[in-house]
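Let me begin by presenting the structure, written as structure tokens, before commenting on it.
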Amino acid sequence: MVGLVIVALFGLATLIHPLLFGRVWATGIYDPLTGFDPRIAHPSPPHRWHWFGTDSLGRDVLSMMLAGTRPTWVLAMSAAIVTAIVATAVAAVGAFFGGLTDRLLGRFSDAFLLIPAPIFMVVIGSGEFSARIGPVTFGVVYGILAGAGAGAIVLRSHALKIMASPFMDAARVAGGGSWHLVSRHLLAHLYPFAVLFMMLSVVGAVVAEGFASWFGQTATRLTWGTIVYLGVTFRNPATGAIAWNAIAPPAVALSLFAAAFYLMAVGLRRIADPRARAD
Amino acid sequence: MRIARFVARRVGTGLLSLLLFLFILFVLIEVLIPGDVASLLRLGLTNDEFQDVRDGLGLTRPLPVRFLIWLGNFLSGDYATTSFGRRASRHIFDALPPTVIVFVIGLAIAYVLGGYLGRFTSWRPGRLSQGITMGAVLAYTAFPAFLAYLLNFFFLDLFHTRRLNWVGNHGLLWAHADVTESVVMLRMTLTFLAVVGFVGLGAVHVRKRHRLRPSRLLGALAVAALSVGVWWAMGIGRFAADILFRAAVPILGMALLSMGEFVLITQTAMAGTTGEDYVLTAHAKGVKPRLVRDDHAGRNAVLVVLSRLAVSLPYLLTGLVVIETAMSWPGLGSFMFDAVQTQDLPVVMSSLAIIGIMTLAVRIALDIAHMILDPRIEVMVEEPML
């Protein structure tokens with residue numbers, strides 16, 4: 001429940017930024033990329049005009065943070081969808097056909113599991129490619145890595161359990177074809193677990209993106225990780241100190257966003273897994 | 001004999017995965033990243049000259065051939081040359097001990113503390129437990145870089161400005177040393193791992209022979225005391241103290257980052273055990289509540305934690321890379337980050353491959369531990385995948 005509330009708040013934040021911007025907030029001062037407030041010295045602590053203060057370049061932190069919400073949503077959704085599709089496909093094919101197919105797919109998942117996805121994202125984000133990695137590309141690549149690795153392994157164990165259950169035999173005896181068995185029985189029972197893993201994939205993708213952009217690899221756009229990176233790179237020109245008010249809000253927002261999805265996953269597991277529902 | 005067969009089998013499938021992993025890594029990096037090493041030298045070349053350079057470097061050969069050549073070099077210990085003309089293998093092997101020190105000690109602290117908190121929260125639901133759980137969720141999803149900066153800022157500030165420096169002048173110590181830092185770290189790591197193995201085997205022996213369960217705290221103390229003793233005997237005591245002192249903050253960061261996960265998994269694994277029959281039986285026999293919690297109900301959670309750890313290793317390693325980079329700890333993470341910054345793709349690939357091999361080694365070790373803890377696992381070996 002807490003998770004749902006937080007996710008709803010972040011959804012609200014995405015919608016509210018274009019509304020505030022230009023109507024309540026003066027464009028020149030509050031622009032998340034080029035804004036500058038000439039009235040005060042920067043970086044400044046939280047103030048009536050700037051609720052989270054400003055960073056060393058004089059930009060409003062609240063506005064930057066709200067602007068970073070949208071790419072995070074896009075990334076989270078694309079990663080979740082791709083993870084679910086890849087993981088369900090690999091798990092269902094492996095569990096249904098069994099034998100050599102299953103062995104081969106299992107080895108592949110094992111190999112994918114050895115790739116540290118976030119680090120890998122930094123590597124492919126370096127150099128000429130970085131300008132072309134948008135939130136969608138990032139989400140898709142992360143989704144493939146996570147779905148073919150951990151996702152497939154987790155879902156496969158559930159798929160095997162489903163394949164061994166009596167109703168599969170019943171359906172087979174009743175004359176159901178392969179497609180009928182897979183789509184009506186296997187996939188139908190896999191969906192809850194796929195959705196559960198989607199939530200966990202969002203957690204991983206969001207943290208991985210924060211990680212990659214913190215390395216400065218996606219600095220062309222404004223995301224939460226980028227704000228932290230910029231806050232650490234451009235320090236207070238006078239003292240050299242890190243502007244804490246500029247890096248704390250996006251870091252906390254990132255944790256909260258991921259935590260909200262984790263909590264939703266925990267809530268969903270109670271529904272999806274009858275054994276856990278018992279307590 | 002049974003264990004030997006299991007190990008042989010696990011290593012065999014592991015090698016197959018490793019080969020697949022290296023191939024996937026190679027293909028992904030070749031396909032996803034535009035340009036190749038030759039494009040670094042491109043400036044001022046005409047197209048024909050550029051193609052000549054690529055031919056000369058063997059970059060125009062088909063992908064599988066290039067993979068085999070790369071694999072051959074990698075297996076013979078040639079991990080590419082950095083842009084500064086030094087062999088990458090030297091750097092990588094210098095960077096391994098610091099990484100291992102932080103990773104192993106940090107993970108051990110997280111395992112013990114996280115396991116305790118997980119058992120506590122699932123055993124006694126209430127306001128305090130809810131708070132701890134929420135904290136664990138936040139730690140699990142925390143932004144590693146931010147955490148690293150926060151810790152670094154807080155502790156380095158504390159140590160340096162408030163004169164809590166116990167070891168004395170760090171620069172002076174190393175200036176008159178007859179050993180380098182990397183040599184000391186290598187010796188420290190090797191002796192430490194040897195001591196851990198020795199104490200671990202000793203514990204198993206005591207358990208089998210005398211039917212005693214040695215306490216975990218005693219084991220940890222034995223490891224610490226033995227390591228320190230060996231280091232002093234080897235004459236690297238003061239240097240080791242200095243290194244451990246500086247490693248304290250990265251270790252703390254690593255422990256904090258991985259602890260949340262341990263708490264949550266232990267909690268999930270133990271959920272619902274409070275009402276189980278065997279727990280009631282233990283209570284009725286008059287076993288102390290703490291022992292019922294740790295030895296009866298919590299015993300099964302250990303296996304779940306171990307198997308989950310195998311899956312989340314890449315995630316933990318990533319956290320380690322961030323911590324190393326943010327705290328300038330000279331480990332594999334910092335080295336790889338530098339290579340990424342200077343576009344040293346061959347070096348980056350070797351580092352990624354080394355990380356993969358380390359992950360695989362730890363996973364095999366975990367599987368063997370799993371097997372020793374739960375003899376039923378042999379049934380599962382018949383399945384193609386663990």
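The values are calculated or read from the model by the stated rules, or taken from the named source; none is laboratory data. Just so it is clear, the model here is predicted, and its values are computed rather than measured. Methodologically, a virtual Cβ is constructed for each residue, glycine included, from the backbone with ideal geometry; neighbour enumeration extends over all protein chains shown. Ligands, DNA and RNA are excluded from the accessible area calculation, which covers all protein heavy atoms including side chains. Shrake-Rupley method; radii C 1.70, N 1.55, O 1.52, S 1.80 Å.
Kindly evaluate A:Ser157 against the criterion of being surrounded by 24 or more Cβ atoms within 10 Å (Cβ to Cβ) and within 14 Å of chain B (Cβ to nearest Cβ). So A:Ser157 does not fit the description; no.
Among the listed residues A:Arg172, A:Arg235, A:Arg184, identify the single one that is at pLDDT 80 or above and of a type in the set (D, E, K, R).
It is A:Arg172.
Could you say which residue among B:Gly219, B:Gly235, B:Gly229 is modelled with pLDDT of 85 or more and more than 14 Å from every other protein chain (Cβ to nearest Cβ)? Before the answer, list the steps.
Working: B:Gly219 fails: modelled with pLDDT of 85 or more; B:Gly235 fails: modelled with pLDDT of 85 or more.
None of the other options fit; the residue is B:Gly229.
Among the numbered conditions (1) more than 12 Å from chain B (Cβ to nearest Cβ); (2) buried (at least 21 other Cβ atoms within 10 Å of the Cβ); (3) under 19 Å from A:Phe211 (Cα atoms), the only one that A:Met121 does not meet is (1). Test each condition in (1) assigned to a helix (DSSP H, G or I); (2) within 14 Å of chain A (Cβ to nearest Cβ) for B:Ser328 and report the one that comes out false. Going through (1) assigned to a helix (DSSP H, G or I); (2) within 14 Å of chain A (Cβ to nearest Cβ) one by one, B:Ser328 breaks only (1). On the stretch given as the range A:179-216, residues that are touching a helix residue (DSSP H, G or I) at 6+ places or on another chain (Cβ under 8 Å), farther than 20 Å from A:Ala152 by Cβ and in a helix (DSSP H, G or I) total 10.
Out of all the residues in the range B:270-318, which are of a type in the set (Gly, Ala, Ser), touching a residue at least 24 places away in the same chain (Cβ under 8 Å) and open to solvent by less than 20 Å² (accessible area, probe 1.4 Å)? Please lay out each step first, then the result.
Residues of the range B:270-318 that are of a type in the set (Gly, Ala, Ser), as a first pass: B:271-272, B:275, B:282, B:284, B:286, B:297-298, B:301, B:307, B:310, B:312.
Then drop every residue that is not touching a residue at least 24 places away in the same chain (Cβ under 8 Å), which leaves B:271, B:297-298, B:301, B:307, B:310, B:312.
Across the range B:270-318, the qualifying residues are B:Ala297, B:Gly298, B:Ala301, B:Ala310, B:Ser312.
Kindly evaluate A:Gly139 against the criterion of being away from chain B (no Cβ under 14 Å) and at pLDDT 80 or above. So A:Gly139 fits the description; yes.
Does A:Leu145 meet the test of being surrounded by 12 or more Cβ atoms within 10 Å (Cβ to Cβ), in contact with a Leu (Cβ under 8 Å, 6 or more places away or on another chain) and outside any loop (DSSP other than H, G, I, E, B)?
On the way: surrounded by 12 or more Cβ atoms within 10 Å (Cβ to Cβ): yes; in contact with a Leu (Cβ under 8 Å, 6 or more places away or on another chain): no; outside any loop (DSSP other than H, G, I, E, B): yes.
In short, no.
Of all residues in the range A:242-251, those satisfying the criterion of being open to solvent by 20 Å² or more (accessible area, probe 1.4 Å) and facing chain B (nearest Cβ under 8 Å) are A:Ile242, A:Ala248. The set of residues in the range B:257-300 that are aliphatic (A, V, I, L, M) and within 14 Å of chain A (Cβ to nearest Cβ) comprises B:Leu257, B:Val263, B:Leu264, B:Ile265, B:Ala269, B:Met270, B:Ala271, B:Val279, B:Ala297. The set of residues in the range B:125-144 that are open to solvent by 30 Å² or more (accessible area, probe 1.4 Å), more than 9 Å from chain A (Cβ to nearest Cβ) and touching a residue at least 40 places away in the same chain (Cβ under 8 Å) comprises B:Ile132, B:Thr133, B:Gly135. Out of A:Arg184, A:Arg103, one residue alone is more than 9 Å from chain B (Cβ to nearest Cβ), open to solvent by 20 Å² or more (accessible area, probe 1.4 Å) and more than 24 Å from the chain's Cα centre (by Cα). It is A:Arg184.
Selection of the range B:331-344 for residues being more than 8 Å from chain A (Cβ to nearest Cβ) and in contact (Cβ under 8 Å) with a residue 24 or more places away in the chain yields B:Gly331, B:Leu332, B:Gly333, B:Ser334, B:Phe335, B:Ala339, B:Thr342, B:Asp344.
Screening the candidates A:Ala91, A:Ala84 for the property of being more than 11 Å from chain B (Cβ to nearest Cβ), modelled with pLDDT of 80 or more and in contact with a Lys or Arg (Cβ under 6 Å, 6 or more places away or on another chain) yields one hit, A:Ala91.
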